[in-house]
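The next block holds one structure in the form of structure tokens; read it before the comments.
The values are calculated or read from the model by the stated rules, or taken from the named source; none is laboratory data. Bear in mind that the values here come from a model prediction, so they are computed numbers and not experimental data. Every residue, glycine among them, receives a Cβ derived from its backbone with ideal geometry; neighbour counts consider all protein chains shown. Accessible surface areas use protein heavy atoms only, side chains included; no ligands, DNA or RNA. Shrake-Rupley method; radii C 1.70, N 1.55, O 1.52, S 1.80 Å.
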Amino acid sequence: MAAITLRELTKVYPNGVRALDALDLEIADGEFFALLGPSGCGKTTLLRTIAGLELSSGGSVRIGDRDVTSLPPGQRDVAMVFQDYALFPHMTVRDNIAYPLRIKKVGKADRQDKAARTADELGLSALLDRRPGQLSGGQQQRVALARAMACHPQVFLLDEPLSNLDARLRLEARTFLKRLQRELGVTTVFVTHDQAEALALADRIAVMEGGRIRQVGTPTEVFRRP
Ligand code: ADP
Ligand code: ADP
């Protein structure tokens, strides 16, 4: 079964910009899928529309077998990680990770327990009482991933989460993301403008242009010279 099915998905912003133009795409269950393309082609809009942070102007979004086109983000079973991680600076790592569970009205003991277990899986146990300002870039990234994972979403949406890391941390983070995919089988959609990143990580790549998918295939298919 497809994890994500997009049919004629269209997004026109109030200023008239057509960021998604009747886009069709299917992403398989457990797939690590990269969205590649130049700045302004609609990658972030596509991710935000799948997440429900933007409502589409036309077409449909299905997650698994559910039509979520008009559902709010909290009812879509997806988690999104942003480029700047968007951690709460005044909260500890523990509270940052537990935050989405609080929004979902999970009881305090239960959410502290889930946060601690997720932190353990990501090697963050020693950092639970620190605040984001006391962490390295790589550690902040792992906290952002832990926060997204704590709800055990079906779909993980990553918007260039590695772009602020230096080369060494980026390599570490890639290895780490692949491990998550292997061990948890979460479907991941990953936005990047970096070909090497897409090659290193993706099962399949979609190349976007002007709000549409220009090409989709395995890295070998997409990067094969004609
Ligand atoms: P990418 O992530 O590939 O850089 P975006 O999805 O951010 O592309 O943007 C696609 C197009 O939509 C661009 O022309 C951008 O300027 C426009 N756009 C993005 N967000 C908004 C917005 N909130 N309001 C109006 N136009 C937007
Ligand atoms: P990226 O290219 O990484 O997606 P941008 O710098 O294009 O990031 O966009 C940053 C923010 O500004 C996003 O929230 C996007 O929706 C918004 N934005 C982008 N283009 C426009 C636009 N033309 N008008 C209004 N908001 C925009």
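Does segment 27-39 contain any residue that is within 16 Å of ligand 2 (Cβ to nearest atom), surrounded by fewer than 16 Cβ atoms within 10 Å (Cβ to Cβ), free of Cβ contacts under 8 Å to residues at least 24 places away in the same chain and small (G, A, S)? No: zero hits. All conditions but one from (1) aliphatic (A, V, I, L, M); (2) surrounded by fewer than 16 Cβ atoms within 10 Å (Cβ to Cβ); (3) touching a Cys at 6+ places or on another chain (Cβ under 8 Å) apply to A79; the one that does not is (2).
Restrict the check to segment 184-201 and report whether at least one residue is surrounded by fewer than 17 Cβ atoms within 10 Å (Cβ to Cβ) and at pLDDT below 80. Yes: segment 184-201 contains one or more residues that are surrounded by fewer than 17 Cβ atoms within 10 Å (Cβ to Cβ) and at pLDDT below 80. V68 falls short of the stated requirement of being open to solvent by less than 20 Å² (accessible area, probe 1.4 Å), in contact with a strand residue (DSSP E or B) (Cβ under 7 Å, 6 or more places away or on another chain) and within 16 Å of ligand 1 (Cβ to nearest atom). If you filter segment 3-19 down to residues that are open to solvent by less than 50 Å² (accessible area, probe 1.4 Å) and polar (S, T, N, Q), you find that the one that is farthest from G185 (Cα to Cα) is T10. Looking across segment 113-163, the residues that are touching a Pro at 6+ places or on another chain (Cβ under 9 Å) and open to solvent by 60 Å² or more (accessible area, probe 1.4 Å) come down to R131, G133. Could you please let me know if D166 is surrounded by 14 or more Cβ atoms within 10 Å (Cβ to Cβ), among the charged types (D, E, K, R) and either farther than 21 Å from I50 by Cβ or in contact (Cβ under 8 Å) with a residue 60 or more places away in the chain (or both)? It is false that D166 is surrounded by 14 or more Cβ atoms within 10 Å (Cβ to Cβ), among the charged types (D, E, K, R) and either farther than 21 Å from I50 by Cβ or in contact (Cβ under 8 Å) with a residue 60 or more places away in the chain (or both).
For segment 27-39, residues that are part of a loop (DSSP other than H, G, I, E, B) and within 16 Å of ligand 1 (Cβ to nearest atom) total 3. For segment 40-63, how many residues meet the condition of being more than 13 Å from ligand 1 (Cβ to nearest atom) and surrounded by fewer than 16 Cβ atoms within 10 Å (Cβ to Cβ)? Qualifying residue count for the region: 2. Does D120 satisfy being at pLDDT below 90, of a type in the set (D, E, K, R) and more than 18 Å from A79 (Cβ to Cβ)? In short, yes.
In segment 79-99, how many are outside any loop (DSSP other than H, G, I, E, B), more than 16 Å from ligand 1 (Cβ to nearest atom) and under 22 Å from N164 (Cβ atoms)?
Result for segment 79-99: 5.
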